[in-house]
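To start, the structure itself, in structure tokens.
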Amino acid sequence: MHSAKLLDHFQNPRNVGQLPAPAQTVEVSNPICGDILRLSVCWVDGRAAEVRYQTRGCTASIATGSALTEWMQHKTEAELKAVTSRLIEECVGGLQPESKHAAVLAVDAVKALLAQRK
């Protein structure tokens, strides 16, 4: 059973799409389940001013991508470094044990994004 929050993000995903250049875009995947998350961010004054995502994956991966983009809005790089899979799980009202990989994928995308900015 998925939480009502997760189902809302799945059925009404926020911030879907990809931002054009000069936005920064990263793509991460889970080699075990095959889920892919593409994350695009437009930075203004060191903050994530606009965030978009595209996911090919399960219900949980689509929902966590949506929740991630909402959480990221207007955060600084330092604030983004604080992201954890537990935080993402909380943003969607929890995840079933078999769906926890979705939160890890979201965190991996943020880490890839930050690593590119160095």
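Considering SER3, SER29, the condition of being over 13 Å from the mean Cα position of the chain (by Cα) and among the hydroxyl-bearing types (Ser, Thr, Tyr) is satisfied by SER3 alone. Can we say THR64 is among the polar types (S, T, N, Q), under 15 Å from VAL107 (Cβ atoms), out of contact with any helix residue (DSSP H, G or I) (no Cβ under 6 Å at 6 or more places or on another chain) and modelled with pLDDT of 95 or more? Spelling it out, it is not the case that THR64 is among the polar types (S, T, N, Q), under 15 Å from VAL107 (Cβ atoms), out of contact with any helix residue (DSSP H, G or I) (no Cβ under 6 Å at 6 or more places or on another chain) and modelled with pLDDT of 95 or more.
Looking at region 1-113, what strands (runs of 3 or more DSSP E) fall wholly within it and have at least 1 residues that are surrounded by fewer than 18 Cβ atoms within 10 Å (Cβ to Cβ), touching a residue at least 12 places away in the same chain (Cβ under 8 Å) and among the aromatic types (Phe, Trp, Tyr)? In region 1-113, 36-44 are the strands (runs of 3 or more DSSP E) which contain 1 or more residues that are surrounded by fewer than 18 Cβ atoms within 10 Å (Cβ to Cβ), touching a residue at least 12 places away in the same chain (Cβ under 8 Å) and among the aromatic types (Phe, Trp, Tyr).
The values are calculated or read from the model by the stated rules, or taken from the named source; none is laboratory data. Quick caveat, the model's predicted, so the values are computed rather than measured. Glycine gets a Cβ as well: all are built from the backbone with ideal geometry, and neighbour counts include every protein chain shown.
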